[in-house]
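Trainee: Below: one structure in structure tokens.
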Amino acid sequence: MSYLVFDLDETLADLTFIYHFLMSLRIKEHILETQPYMIYFFPTKLEEQLELTYQKFVERILQEELSGPLGILRPGILQKMKEIAALKRNGTVKGVVIYSNNSHLPSLHFVRDIIELHTGPLFDDCIHWLHPSREDDKVNPFIMKTWSALLRILHEGPTRAPANLSPASVYFFDDLGHTDLMMELKEQYYKVPAFHSTTSVDRISEIYAEVLSQSQIPMHHLLIYLVDLFDVQSTARYNPEEGTLDTVLTTIRALIPSKPHVHQPAHDYGIQMIGDVINEQSASSNQSIPSAQSTSSAQSNQRKRKHRRRYTRRERRITIKKRAYK
């Protein structure tokens, strides 16, 4: 039985260019985290309208990722997650968790919702930076991930892993190197190359405008909350006639950072690393005696795994010079 744990940012996805669009649809969650006393004043009707719009947004993003891809999710991750879901259903994989230093919980839920719309139920838990199980992670002056915190998450959370869970049963994927976890998990810590979004902001804007125009949300009403949420100046707050869909789009797009040129390598070792673990788990669940052909194939796969793990070890030797903010 094994447990698979994934970082979020630049491992599963890159939400840089969709983040503010997402925030505008998850206003309630933001209020709960930052101003919980205000939740009683948040209109129930607006909450319901935003929830329906969010669900449509998730559906459209998934459609684009499957047909494009759109470039928010790591290319190939949807297929790999579908394979992991199958392994979880047959009991080979016991638990799957997102463990991120991102402090915006709706970002984790967004990626989870897109993936699970494609795979069915998959993730046991989404752990963000502010999760109460992460006290041990905050002892270090650097923002790191630790084995003690991860064990607590897997044991005390919905995954219900045994208290004496061995690191040998855990596979971890992250684009950053977290020293404590590396030491505990050894070769089962997969340091994947960072994924950077290749999506077009115009394309996201079109999808967002499409789902928002189909909703019954009064744009001026929404804009009042967005001005507070994003802490921006807008005369539309005081003039209902300026509260249009175009004004909402302009307000959000003004907050999105300029997009640098991103060169994605033709070969993604990250997806291959995840695929290696899936193949390893699939092989472990097959109790039949391997044929000569399958033995040859297994030896070939073993050579490939060794090659990619050498790649991973080379990455690990690089000195980490920046704080792990993701």
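The values are calculated or read from the model by the stated rules, or taken from the named source; none is laboratory data. These numbers come from a predicted model, not from an experiment. Note: ideal-geometry Cβ built from the backbone for every residue, glycine included; neighbour counts use all protein chains shown.
Trainee: Taking segment 78-96, which residues are within 28 Å of PHE21 (Cβ to Cβ) and touching a Ser or Thr at 6+ places or on another chain (Cβ under 9 Å)?
Mentor: Listed by number, the residues that qualify are LEU78, MET81, LYS82, ILE84, ALA85, VAL96.
Trainee: Determine, yes or no, whether LEU165 is in contact with a strand residue (DSSP E or B) (Cβ under 8 Å, 6 or more places away or on another chain) and in contact (Cβ under 8 Å) with a residue 60 or more places away in the chain.
Mentor: Taking the combined requirement at face value, the residue satisfies it.
Trainee: Still on this structure: Taking ASP180 and the conditions (1) of a type outside the set (S, T, N, Q); (2) at pLDDT 95 or above; (3) out of contact with any Leu (no Cβ under 9 Å at 6 or more places or on another chain), which numbered condition does it fall short on, given that it satisfies the others?
Mentor: For ASP180, the failing item is (2).
Trainee: Kindly indicate the residue of segment 24-38 that is surrounded by fewer than 19 Cβ atoms within 10 Å (Cβ to Cβ) and either of a type in the set (S, T, N, Q) or part of a loop (DSSP other than H, G, I, E, B) (or both) and also nearest to the chain's Cα centre (by Cα) among those meeting that condition.
Mentor: Filtering segment 24-38 for residues that are surrounded by fewer than 19 Cβ atoms within 10 Å (Cβ to Cβ) and either of a type in the set (S, T, N, Q) or part of a loop (DSSP other than H, G, I, E, B) (or both), the one nearest to the chain's Cα centre (by Cα) comes out as THR34.
Trainee: Among the numbered criteria (1) within 30 Å of VAL248 (Cβ to Cβ); (2) surrounded by 16 or more Cβ atoms within 10 Å (Cβ to Cβ), which one does ASP202 miss?
Mentor: (2)
Trainee: Can you pull out every residue in segment 170-196 that is over 14 Å from ILE271 (Cβ atoms) and among the β-branched types (Val, Ile, Thr)?
Mentor: VAL170, THR179
Trainee: Still on this structure, please answer the following. Look through PHE57, PHE21, PHE41 and report the one residue that is among the aromatic types (Phe, Trp, Tyr), at pLDDT below 95 and over 15 Å from the mean Cα position of the chain (by Cα).
Mentor: On inspection, the qualifying residue turns out to be PHE41.
Trainee: If you don't mind, there's one more thing I want to ask. So the check is Cβ under 8 Å with 6+ separation or different chains; which pairs have a first residue in segment 13-27 that's on the phi > 0 side of the Ramachandran plot and a second one that's assigned to a loop (DSSP other than H, G, I, E, B) and surrounded by 23 or more Cβ atoms within 10 Å (Cβ to Cβ)?
Mentor: Filtered contacts from segment 13-27: no entries.
Trainee: Could you identify the single residue in PHE17, PHE41, PHE6 that is among the aromatic types (Phe, Trp, Tyr) and under 30 Å from LYS88 (Cβ atoms)?
Mentor: From the options PHE17, PHE41, PHE6, the qualifying one is PHE6.
Trainee: In segment 160-188, which residues are surrounded by 15 or more Cβ atoms within 10 Å (Cβ to Cβ) and over 18 Å from the mean Cα position of the chain (by Cα)?
Mentor: ALA161, LEU165, PRO167, SER169, VAL170, THR179, ASP180, LEU181, MET182, GLU184, LEU185, GLN188 - these are the residues of segment 160-188 that are surrounded by 15 or more Cβ atoms within 10 Å (Cβ to Cβ) and over 18 Å from the mean Cα position of the chain (by Cα).
Trainee: Here's a follow-up. Give the number of residues within segment 64-79 that are part of a helix (DSSP H, G or I) and either crowded, with 20+ Cβ neighbours inside 10 Å or among the aliphatic types (A, V, I, L, M) (or both).
Mentor: The number of residues fulfilling the criteria is 4.
Trainee: For segment 239-269, what are the residues that are of a type in the set (S, T, N, Q) and either at pLDDT 70 or above or under 16 Å from PHE21 (Cβ atoms) (or both)?
Mentor: THR244, THR247, THR250, THR251, SER258
Trainee: Which of the residues that make up segment 189-199 are of a type outside the set (Ser, Thr, Tyr) and either crowded, with 22+ Cβ neighbours inside 10 Å or touching an Asp or Glu at 6+ places or on another chain (Cβ under 6 Å) (or both)?
Mentor: Across segment 189-199, the qualifying residues are LYS191, VAL192, ALA194, PHE195, HIS196.
Trainee: For residues that are farther than 14 Å from ALA13 by Cβ and in a helix (DSSP H, G or I), tally how many sit in segment 118-158.
Mentor: So the count comes out to 18.
Trainee: Here's another thing I want to ask about it. Which pairs do you get when a residue that is over 11 Å from LEU212 (Cα atoms), found in segment 37-60, comes within reach of a residue that is exposed (fewer than 15 other Cβ atoms within 10 Å of the Cβ) and acidic (Asp, Glu), reach meaning Cβ atoms under 9 angstrom, with the pair 6+ apart or on two chains?
Mentor: Filtered contacts from segment 37-60: ARG60/GLU210.
Trainee: Scan segment 1-11 for residues that are in contact with a Ser or Thr (Cβ under 9 Å, 6 or more places away or on another chain) and among the aliphatic types (A, V, I, L, M) and jot them down.
Mentor: Scanning segment 1-11 gives MET1, LEU8.
Trainee: Look through TYR190, TYR225 and report the one residue that is closer than 30 Å to SER67 by Cα, in contact (Cβ under 8 Å) with a residue 40 or more places away in the chain and either assigned to a helix (DSSP H, G or I) or not acidic (Asp, Glu) (or both).
Mentor: Criteria check complete, one pass: TYR190.
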